[in-house]
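What follows is one structure encoded as structure tokens, with my remarks underneath.
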């Protein structure tokens, strides 16, 4: 069972992560970029001979400084076998370099008890600083839904308040639609970037969790959303993407086609979106929001 005070004070060591241009290209390749060898806009992410260095996808910030499977530690009180990714919110303060060394600091900001049998949410922040000059590059807010941990506040009444639900995108005709087919081996490629959870690579583990076969990492689907937004709204200029938020609503199976339905928002530079697994007609990302610089 979660001990609120113990978990809220969880200590994360500062993580130093050095990455290279090859790592940036590997991340882009895992998301399927380069599938058209004649598309120069795609090649700029996966070919370091075009401009001397590849462009880094902004969403790569979510895998840099990965804290590992810390929720698997029994001391956390979290039922690791029943966690699912809830939400991801990325804010870019500076364009992400294609190579460098970053320092990642993490802290838990919210633990919400939804009630016995209803689970809990654990939200933690990551800040990425350039080691060379201390520049803050990105802030990532990661929310996990711990399905097996509801009811912990019955002991002492301590829980954080639930944040308001993020607004859903419109239901009318989208302003932009883009379909991206994931490769059958996408989860096997994506796991090389950080998360080696066997749910994404071992059929027996996936089936024991209730899936017919291994599922794609949620952050892989998130990266596909980033790729679509850059193409549809940013002219594939990564520095124009300033923020990317999404709520995970269903898993993707590698090989499925993801349709991004995107709407120009009321706010300047705001885009609302959802992502749908076309073959099953299932929404896999919902309540999506992106902020695009002029």
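The values are calculated or read from the model by the stated rules, or taken from the named source; none is laboratory data. All figures in this text were calculated on a predicted structure; none of them were measured in a lab. Reconstructed Cβ throughout: ideal geometry from the backbone, glycine too, with neighbour counts over all protein chains shown.
What number of residues within region 193-232 satisfy the criterion of being in contact with a helix residue (DSSP H, G or I) (Cβ under 7 Å, 6 or more places away or on another chain) and in a loop (DSSP other than H, G, I, E, B)?
Residues that pass the stated criteria total 8.
If the requirement is being within 16 Å of residue 78 (Cβ to Cβ), at pLDDT 95 or above, not assigned by TED's automatic domain parsing to the domain that holds residue 244 and not in a helix (DSSP H, G or I), which of these qualifies: 102, 112?
Working: 102 fails: within 16 Å of residue 78 (Cβ to Cβ).
None of the others qualify; the one that does is 112.
Residue-by-condition table, conditions (1) crowded, with 21+ Cβ neighbours inside 10 Å; (2) under 20 Å from residue 221 (Cβ atoms):
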| site | (1), (2) |
| --- | --- |
| 29 | no, yes |
| 41 | no, no |
| 44 | no, no |
| 54 | yes, no |
| 57 | yes, yes |
| 60 | yes, yes |
| 74 | no, no |
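Determine whether residue 36 is surrounded by fewer than 19 Cβ atoms within 10 Å (Cβ to Cβ), in the same structural domain as residue 107 (by TED's automatic domain parsing), farther than 24 Å from residue 240 by Cα and free of Cβ contacts under 8 Å to residues at least 12 places away in the same chain. First the steps, then the outcome.
Numbers: surrounded by fewer than 19 Cβ atoms within 10 Å (Cβ to Cβ): yes; in the same structural domain as residue 107 (by TED's automatic domain parsing): yes; farther than 24 Å from residue 240 by Cα: no; free of Cβ contacts under 8 Å to residues at least 12 places away in the same chain: yes.
Considered against the rule, which asks whether it is surrounded by fewer than 19 Cβ atoms within 10 Å (Cβ to Cβ), in the same structural domain as residue 107 (by TED's automatic domain parsing), farther than 24 Å from residue 240 by Cα and free of Cβ contacts under 8 Å to residues at least 12 places away in the same chain, residue 36 comes out as no.
Regarding region 146-169, can at least one residue be identified that is buried (at least 16 other Cβ atoms within 10 Å of the Cβ), assigned to a strand (DSSP E or B) and not assigned by TED's automatic domain parsing to the domain that holds residue 279?
Within region 146-169, one or more residues are buried (at least 16 other Cβ atoms within 10 Å of the Cβ), assigned to a strand (DSSP E or B) and not assigned by TED's automatic domain parsing to the domain that holds residue 279.
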